[in-house]
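Q: To start, I am sharing the structure in question, which I have written as structure tokens.
The values are calculated or read from the model by the stated rules, or taken from the named source; none is laboratory data. Because the structure is a prediction, the values reported are computed rather than measured. Glycine gets a Cβ as well: all are built from the backbone with ideal geometry, and neighbour counts include every protein chain shown.
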Amino acid sequence: MWIGIKTYGNYVTLDLFFYCVIKISCSEVILSKIGSNTTLLCPWTENPVIWYGIYGHQYSSGKSILSSLPSSLQERLDVWENNGYNLRINNISGYDEGKYECSSINGTTFITMNLMAPPTGVIFENVVQKGNEDQLMNITCKGIGGHPPPSLVLSKNGDLLASADNGTLVYTFQPSRTDDMSNITCTANHSELKEPLSVESVLYLNLKTENVIMESISILYEFDILNASCFASGGRPPTSFEWNLLSEYYNSSYEDVENISPTDTFNVNSVLSLQISRTFDNRKLACRAFDSIDKAGIIRSQTLEVYYSPSISIINQNLTVADNFTQLICQPQGNPIIYKFYQWEHHSVYGEKIRTFGSGLDGILKIPKLERTQRYQDTGIYKCFAENGVADKNGNKIQSGSVFIVNNGNQ
């Protein structure tokens, strides 16, 4: 209790503070234990002082307990004067809990008596403590009931994590993979408990993908089927995949998912199946493994090598007037770039083969110039034949290209 004096012009106010006291009124809350003796303090010393008990019933006047009260209550009440008229209640029972009032001409004191009571239980806010690896999460534990609130202790696998005295414990931390599947225990302690109360839970994390491996891809052949494989392990829930080739995005053609015990993680094998095109050659194929924690994911890639049969073009090389022949160059474009050439063929405009010539060694044909009056005989379709050992869609290895030449005798 303390006294505060305030002046306002010609006025003086006196504030008495007894826990929460404003001028001539004060209030407090006390805790009592069933079966114990409790004294309610009243600071007023000037009679008459009146005590009011539960539900506003008058208990006393001065030092006298009212005779109208039930005898079972009378015999437990006593008013004794010691720096005020204090009400003593013996052998506290559950019926004594509530609000009391000590009133005098000087002011009123209000006292709320709560009975000490143990908590009836302790719970986690969530049955299973779910979180993400390496991301902040909360574990909340609460005591049920209790006066005063129970003190709580949170532990992981027997090691202390945190404690609180207000009946609610919120623990914030960043779990790692090693914390996964840990046993979490919350224990409530209270003076009215013979044994502490406890509840257990498990820490169950979403886990990041640990490893991603892209299977090595050997040389591919056009028109075959590409079956590219990407393998991810250690994630929970199962890892997701996305493929990219030539700026096109693909989902897995199919996936094999395996649950690994006892870690309860997942191995996932993603397969992309595509018909191989020559446009894939020297292009990067990438797989991205991602999960609920790491959206960017882990990327693995390989540069593809595709073998395909050549397409053939022919160059009619311009020569000088002094040259006595016409030169045609056969230019195949395929992969690999090692070519075998065959003899050239000269066909009429109607498709009839006129002659076969050339060595077929280097793909170059030199046509000797005839007399001017006979040069028309060189008019026609010239065909070049070559291969690189790779068959086309129809199974043919030897490919051809052609060029049409008209010679009217002026060349």
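Q: Looking only at the range 207-266, count how many residues are at positive phi and in contact with a strand residue (DSSP E or B) (Cβ under 7 Å, 6 or more places away or on another chain).
A: Looking only at that region, the number is 3.
Q: Please work out which residue is surrounded by the fewest Cβ atoms within 10 Å (Cβ to Cβ), limiting yourself to the range 151-186 and to residues that are within 15 Å of Val202 (Cα to Cα) and of a type in the set (S, T, N, Q).
A: Thr178
Q: State all residues of the range 92-106 that are over 58 Å from the mean Cα position of the chain (by Cα) and either crowded, with 17+ Cβ neighbours inside 10 Å or under 26 Å from Glu192 (Cα atoms) (or both); if no residue qualifies, say none.
A: Cys102, Ser103, Ser104
Q: Next question, about the same structure. Counting residues that are more than 30 Å from Tyr221 (Cβ to Cβ) and free of Cβ contacts under 8 Å to residues at least 40 places away in the same chain, which strands (runs of 3 or more DSSP E) fully inside the range 341-411 reach at least 3?
A: Fully inside the range 341-411 and qualifying: 353-357.
Q: I would also like to ask the following. Being part of a strand (DSSP E or B) and either of a type in the set (Phe, Trp, Tyr) or at pLDDT below 95 (or both) is the filter; apply it to the range 268-312 and report the residue that is nearest to the chain's Cα centre (by Cα).
A: Among those that are part of a strand (DSSP E or B) and either of a type in the set (Phe, Trp, Tyr) or at pLDDT below 95 (or both), it is Phe290.
Q: Quick one: in the range 356-384, of everything that is modelled with pLDDT under 95 and among the charged types (D, E, K, R), which residue is surrounded by the most Cβ atoms within 10 Å (Cβ to Cβ)?
A: Selected residue: Asp378.
Q: What's the total number of residues in the range 44-88 that are surrounded by 12 or more Cβ atoms within 10 Å (Cβ to Cβ), among the small types (Gly, Ala, Ser) and out of contact with any Pro (no Cβ under 7 Å at 6 or more places or on another chain)?
A: 2
Q: Looking at the range 348-377 only, could you name the residues that are under 15 Å from Asn407 (Cβ atoms) and of a type in the set (Asp, Glu)?
A: Of everything in the range 348-377, just one residue is under 15 Å from Asn407 (Cβ atoms) and of a type in the set (Asp, Glu), namely Glu371.
Q: Next up: Within the range 234-244, can one find any residue that is more than 24 Å from Asn206 (Cβ to Cβ) and over 20 Å from the mean Cα position of the chain (by Cα)?
A: Within the range 234-244, one or more residues are more than 24 Å from Asn206 (Cβ to Cβ) and over 20 Å from the mean Cα position of the chain (by Cα).
Q: Looking at (1) without any contact (Cβ under 8 Å) to a residue 24 or more places away in the chain; (2) assigned to a strand (DSSP E or B), which one does Ser252 not meet, given that it meets all the others?
A: The number of the failed condition is (2).
Q: Taking Leu152 and the conditions (1) over 30 Å from Ile276 (Cα atoms); (2) out of contact with any His (no Cβ under 9 Å at 6 or more places or on another chain); (3) outside any strand (DSSP E or B), which numbered condition does it fall short on, given that it satisfies the others?
A: (3)
Q: Now for a separate question. Kindly indicate which of Tyr350, Tyr382, Tyr342 is among the hydroxyl-bearing types (Ser, Thr, Tyr) and touching a Ser or Thr at 6+ places or on another chain (Cβ under 8 Å).
A: Tyr382
Q: On to the next question. Counting residues that are in contact (Cβ under 8 Å) with a residue 12 or more places away in the chain, which strands (runs of 3 or more DSSP E) fully inside the range 19-129 reach at least 3?
A: Of the strands (runs of 3 or more DSSP E) lying wholly inside the range 19-129, those with at least 3 residues that are in contact (Cβ under 8 Å) with a residue 12 or more places away in the chain span 25-32, 38-40, 50-52, 58-61, 77-81, 85-89, 98-104, 107-115, 121-124.
Q: Turning to a different aspect of this structure: Being touching a Ser or Thr at 6+ places or on another chain (Cβ under 9 Å) and assigned by TED's automatic domain parsing to the domain that holds Lys130 narrows it down to one of Ser233, Ser229, Ser191, Ser201, so name that one.
A: Result of the check over Ser233, Ser229, Ser191, Ser201: Ser201.
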